[in-house]
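**Student:** Let me begin by handing over the structure; questions about it come next.
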Amino acid sequence: MGREGYQGDMTTIGFIGSGNIGSTVAGLAASAGYDVVLSNSRGPDTLADLVAKLGPNARAATAEEAASAGDLVVVTIPLKNYRDIPVEPLRGKVVLDTINYYPQRDGHVAELDDESTTTSELVQAHLPESQVVKVFNNIYFEFIRRLARPHGDPERSVLPIASDHAEAKATASAVLDDLGFDACDVGPLSEGWRYQRDTAAYAGLYVAPGESGWPPENPRLVDVDFLKQKLSEAKRYREM
């Protein structure tokens, strides 16, 4: 995979959070020719092994530094910590938000429990001058690596994206293309609930019929028609 198809001027992706999803996406980005700047809550020194694994395109930094360095920034941290996302260095930038809400980990959030808002809308409210795109929220991290395919590959999977900013969705789609996925525009952030935890379009749609065990060795290719079907089947938690 290369960056030939992307006409933007982005060269660097910052990562606030470098756990399973962050490190997996960073690996694809580094392989695609982006510089990646990684951060976590424990400090740059703890990322030495990951940086060495990702190669010369990767370096470690603080969260503030990663936010400042990134032309585009991926936020992949527990929801309970979203208020720790640095605001000032992300002004005017596209932010890819991978956050999900797990009450047993994050504690209960009243406005998410009553479904008066969504996780990415909370992040957008925290970052009022950034352009938040909800993506990578519905896919198990190992599937990201296993399903990535070059542009034009007939066995390419699609990922849902949502944002209140059309330009940000175009940027996110172009970056996803470089990383090995097509994008399906679900609409504004308020529609992001359709692929939140435990919905039909969540991680289970990557499991083929008859597969047993978790995670399956060969995740299911998800094309746009299948994804749209599952998005249409989404139910609010109060309806489950």
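Any read-out appearing in this document is the output of simple, stated calculations on the displayed coordinates, not a laboratory observation. Values in this document were obtained by computation on a predicted structure and should not be read as measured data. All Cβ positions, glycine included, derive from the backbone under ideal geometry; neighbour counts span all protein chains shown.
**Student:** Can you say what percent of the DSSP beta bridges in region 12-235, counting only those with both residues inside, are antiparallel? Round to 5.
**Tutor:** That works out to approximately 5 percent antiparallel.
**Student:** Pairs of lysines 8 or more apart, or on different chains, with alpha carbons under 20 Å: count those in region 12-235, would you?
**Tutor:** 8
**Student:** Of all alpha-carbon pairs in region 69-148, indicate the percentage at a distance above 21 angstrom.
**Tutor:** Tail of P(r) above 21 Å: 30 percent of Cα pairs.
**Student:** Using just the C-alpha positions of the chain as equal point scatterers, what log10 of I(q)/I(0) does the Debye formula give at each q in 0.12, 0.16 1/Å?
**Tutor:** -0.63, -1.18
**Student:** On the principal axes of its Cα set, how long, how wide and how thick is region 21-70? Give whole Å, largest value first.
**Tutor:** 25, 22, 20
**Student:** Identify, among Val95, Tyr34, Ile77, the residue whose Cα sits farthest towards the positive end of the charge dipole of the chain, taking +1 on the Cβ of Lys and Arg and -1 on the Cβ of Asp and Glu, with the dipole about the Cα centre.
**Tutor:** The residue sitting farthest along the positive end of the dipole is Ile77.
**Student:** For the peptides 35-42, 21-28, what is the packing order when you average, over each peptide's residues, the other Cβ atoms within 10 Å and list the highest mean first?
**Tutor:** Highest to lowest by the protection proxy: 21-28, 35-42.
**Student:** Amide H to amide H under 5 Å from Ala58: which residues, 5+ apart in sequence or cross-chain, H placed 1.01 Å off N in plane?
**Tutor:** Those qualifying (amide H under 5 Å, at least 5 residues apart or on another chain) are Val36.
**Student:** Going 7 Å from the Cα of Arg145 in the Cα-to-Cβ direction, what parts of region 181-215 have a backbone nitrogen less than 14 Å from that spot?
**Tutor:** Within reach of a label on Arg145: 215.
**Student:** Mind putting a number on the dipole of region 12-235 about its Cα centre? Charges go on the C-beta only, +1 for Lys and Arg and -1 for Asp and Glu, and I need it in Debye to the nearest 20.
**Tutor:** My answer is approximately 380 debye.
**Student:** Let me ask something additional. For region 146-218 and region 33-56, what is the separation of their C-alpha centers, rounded to whole Å?
**Tutor:** 25 Å
**Student:** Moving on to the next point. Pulled fully out, how much extra length does the chain show between Lys235 and Arg83, if you take 0.36 nm times their separation in residues and subtract their Cα-Cα distance?
**Tutor:** Separation in residues times 0.36 nm, less the Cα-Cα distance, equals 51.9 nm.
**Student:** Quick one: dipole size for region 1-139, taken about the Cα centre, charges +1 on Lys/Arg Cβ and -1 on Asp/Glu Cβ, in debye to the nearest 20.
**Tutor:** It comes to approximately 380 debye.
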